[in-house]
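Peer 1: There's a structure below that I have some questions on.
The values are calculated or read from the model by the stated rules, or taken from the named source; none is laboratory data. Computed from a predicted structure; not experimentally measured. Heads up, the Cβs are rebuilt from the backbone with ideal geometry, glycines too, and the neighbour counts pull from every protein chain shown. Surface areas here come from the heavy atoms of the whole protein model, side chains and all, with no ligands, DNA or RNA. Shrake-Rupley method; radii C 1.70, N 1.55, O 1.52, S 1.80 Å.
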Amino acid sequence: MLLPPLLSLFVSLITLLSSVGAAVPDKDAILAQLRRNGLCCASLSYFLPGKVNYVADLNYQSSQASFWSAQERSLSPTCIVIPTRAQDVATAVAILSAAKQASIKGCQFAIRGAGHTPHGGAANINGGVTIDLQSLNEVTVSGDQKIVSVGPGNRWGNIYPTLDGLDLIMLGGRVSTVGVGGLMTGGGVSFFSGRYGFACDNVASYEVVLANGTIVTASSNSHPTLFRALKGGNNNFGIITRVNSKLYHQSSFWGGAIIQPITNKEAFFEYFSNLTDSRNFDPNAALITNFAWVAGVPIITHSIAYTDGDVAWPPPAFEPLDSMPKFSSTVRKDKLSSFTNELAASAATTTGGNNFFMTLTFENNPEITPEFLQEVFNLADAAAKELISVVGIIYTATLQPLPHVLYSKPANNVLGLDRFSADLINLLITLSWQLPLDNARVTTVMKKLESDLVAKAKERDLFNEFIYLNYAAEWQKPIQGYGNANVEFLKSVSRRYDPNAIFQRAVPGGFKLGI
């Protein structure tokens, strides 16, 4: 009486072992498992033993707790897959793709790198499967020191110390806690973008898992249309399992934070408009200016970088800013990780809070931009006053220069900036607060602020439709801001590489193509 069950167990064990380390299981084997148990997570566990985690598992809880925003932490996937190699990702995608095509419920999934996008559902999911890529965190420098291979689960704080020790940099994030995968598929502004352009334009190749579980390398020579689509196309085409990016030699350079009183703002707006003018722009200069409301009172914090460490401080690009009245300065000469860690520390109090991004783009006209930026400040200040009673509110309006000489660097991306010749200004609004009961209130105020800012920019003829995807609010449509030609190109690439629209319909997170 014991023989049939034991024989059945033995056959199942042989089948399981044969799938480990082998190619992606074929569709018939996947469908057989799905029909047998009717659940995606059970099927994933069958083909990926030890890498599928449920709510009672410590790895599940650790993954959930490592999201930056409370909105993402509040979601509860049925299971979390934690792959340790590209083949694991390919197996998971093949199973989830087959399940979607077979109309098996509960098999929608989310793709998560560091999980820094704040709005709920961007990189996590309720009642589905989250693929957590954080264990894909390799950092390998080529022998000739021209290319670095990094896993998509890395945070920049895991990459830069290795490169610092070799006097090398790659184009990447400016906050050490931000992750690779999202930034490198949304554009990527770096301290070195004035010299080398967007981070995505310095990618030599992506390793990508497609919807059918195939692993391909996308580069200028292999799958070139997919390669271009990934440079701004977000998570619409596959799951990136490795990024190979160009390296540049870089010694210590100037950087740090300068904190100034709000009474500097009129002088700063004049300075900022001049700095953003391509005729004046110094490619070594990078600036992030935050108007931060502390208990309703605004101050100005500048995070600066000047990437030529051989000049004396302050260089001409920053001399007017440095000469303004200041409360404090941490400007020093150091390596990249020092400055990205400083930025991360300044934002540490927002970890685990209810967090929010919203962004807009304006054109720079030095004759009227200073006055316009004062109007932008007034609107942001009014919104800050309206939200002052929100518990734990941290409110910041950030300005960054995006001059034509920066965004017109040699590029093969889909951002659509090649349509423009104006110098641009990026505005980012970030908020953090304690209680989820205030979420709707914050959203209402921010949508009103967005509408008022757009109207004011159009009134001044300074509006630009580009919306930087990595800063976009959940309701914004950054891909549509790339222009019709790029949107149609992205749709054509999706139809070619994902004919069943798995990444459009089974992956609700991210900014979709509308297919």
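Peer 1: Of K385/K477; K146/K326; K265/K333; K326/K458, which ones are farther than 29 Å apart at the Cα?
Peer 2: Beyond 29 Å: K146/K326; K326/K458.
Peer 1: Once amide H atoms are placed 1.01 Å from N in the peptide plane, what residues at a sequence separation of 5 or more from L247, or on another chain, have their amide H within under 5 Å of its amide H?
Peer 2: I147, V148
Peer 1: Could you pull the accessible area for T162 with a 1.4 Å probe, rounded to 10 Å²?
Peer 2: 60
Peer 1: For H404, what accessible area in Å² do you get when you roll a 1.4 Å probe over the heavy atoms of the protein chains, rounding to the nearest 10?
Peer 2: Accessible surface of H404 is approximately 60 Å².
Peer 1: Probe 1.4 Å, all protein chains in place: accessible area of S421 in Å², nearest 10?
Peer 2: We get 100 Å² for S421.
Peer 1: Still on this structure, I have one more. Just name one of A70, G50, L34: the one whose Cα is farthest towards the positive end of the charge dipole of segment 27-132 (beta-carbon charges, Lys/Arg +1, Asp/Glu -1).
Peer 2: L34
Peer 1: Show that you can apply the helix-only estimate: for the chain, add -39,500 (n - 2.57) for every DSSP H stretch of four or more residues, divide by all residues, and state [θ] at 222 nm to the nearest 500.
Peer 2: Calculated at 222 nm, the ellipticity per residue is -10000 deg cm²/dmol.
Peer 1: Around K447, under 13 Å between beta carbons, what's the net of Lys plus Arg minus Asp minus Glu among the other residues?
Peer 2: Every neighbour counted, the sum reads -2.
Peer 1: Stokes-Einstein diffusion coefficient for segment 27-132 at 10 °C in a medium of 1.306 mPa s, Rh from the Kirkwood formula over Cα pairs: what value in µm²/s?
Peer 2: 116
Peer 1: Also: When the solvent-accessible surface of protein heavy atoms is calculated with a 1.4 angstrom probe, in what order do L424, L75 fall, highest first?
Peer 2: Accessible-area ranking of L424, L75, largest first: L75, L424.
Peer 1: Suppose all protein chains stay in the model; what accessible area per residue would a 1.4 Å probe give for the chain, in Å²?
Peer 2: On a per-residue basis, the chain sits at 39 Å².
Peer 1: Related question: Using a 1.4 angstrom probe with every protein chain in place, what is the largest-first accessible-area order of M184, M324?
Peer 2: M324, M184
Peer 1: Please list, in order along segment 180-186, the HN-Hα scalar couplings obtained from phi with the Karplus expression 6.51 cos²θ - 1.76 cosθ + 1.60 (θ = phi - 60°), rounded to whole Hz, x for Gly and Pro.
Peer 2: Karplus values, whole Hz, x for Gly and Pro: 7, x, x, 4, 7, 10, x.
Peer 1: Leaving ligands and nucleic acids out of the surface, order D461, D88 by accessible area at 1.4 Å, largest first.
Peer 2: D461, D88
Peer 1: Continuing with this model, one more query. Rounded to whole Hz and in sequence order, give me ³J(HN,Hα) for segment 25-38 from the Karplus expression 6.51 cos²θ - 1.76 cosθ + 1.60, θ = phi - 60°, writing x for Gly and Pro.
Peer 2: x, 6, 4, 4, 5, 5, 5, 4, 5, 4, 5, 5, 10, x
Peer 1: Continuing with this model, one more query. Return the inverse of the average 1/r over all pairs of distinct C-alpha atoms in the chain, which is the Kirkwood hydrodynamic radius, in Å to one decimal.
Peer 2: The Cα-based Kirkwood calculation yields 23.9 Å.
Peer 1: Follow-up question, since we're still on this one. Report for the chain the percent antiparallel among DSSP-assigned beta bridges with both residues inside it, nearest 5.
Peer 2: 90
Peer 1: Also: Strictly under 4.7 angstrom between C-beta atoms: which cysteines of the chain have no such partner?
Peer 2: By the Cβ distance rule, which asks for a partner under 4.7 Å, the isolated cysteines are C200.
Peer 1: Using the Karplus curve 6.51 cos²θ - 1.76 cosθ + 1.60 with θ = phi - 60°, work out ³J(HN,Hα) for each residue of segment 162-178 in order, rounded to whole Hz, and write x for Gly and Pro.
Peer 2: 4, 6, 4, x, 10, 6, 10, 9, 10, 6, x, x, 10, 10, 5, 8, 7
Peer 1: Still on this structure, I have one more. With a 1.4 Å probe and every protein chain kept in, tell me what percent of the accessible surface of segment 235-351 is carbon plus sulfur.
Peer 2: On segment 235-351, the fraction of accessible area on carbon and sulfur atoms equals 56 percent.
Peer 1: Could you list which residues have their amide H under 5 Å from that of A110, counting only those 5 or more apart in sequence or on another chain, with H placed in the peptide plane?
Peer 2: V129, T130, I131
Peer 1: Which of the peptides 505-512, 195-202 is most tightly packed, and how do the rest follow, going by the mean number of other Cβ atoms within 10 Å of each residue?
Peer 2: 195-202, 505-512
Peer 1: List every residue whose amide H lies under 5 Å from the amide H of R242, counting only residues 5 or more places away in sequence or on a different chain, with H placed 1.01 Å from N in the peptide plane.
Peer 2: Residues meeting the criterion, in which the H sits 1.01 Å from N, are E207.
Peer 1: If you take every residue apart from T217 with its C-beta less than 11 Å away from the C-beta of T217, what net charge results, scoring Lys and Arg +1 and Asp and Glu -1?
Peer 2: Once all neighbours under 11 Å are counted, the net charge is 0.
Peer 1: Express the carbon and sulfur contribution to the solvent-accessible surface of segment 27-132 as a percent, rounded to the nearest whole number, probe 1.4 angstrom.
Peer 2: Carbon and sulfur atoms account for 53 percent of the accessible area of segment 27-132.
Peer 1: Further, regarding this structure: Any idea how far the Cα center of segment 437-512 sits from the one of segment 364-385, in Å?
Peer 2: Segment 437-512 and segment 364-385 have Cα centres separated by 23 Å.
Peer 1: When you count, for each residue, the other Cβ atoms within 10 Å and take the mean per peptide, how do 89-95, 447-453 rank with the highest first?
Peer 2: Listed from highest to lowest mean packing, they are 89-95, 447-453.
Peer 1: How would you order 427-434, 409-416, 307-314 from highest to lowest mean count of nearby Cβ atoms within 10 Å?
Peer 2: Result, highest mean Cβ count within 10 Å first: 427-434, 409-416, 307-314.
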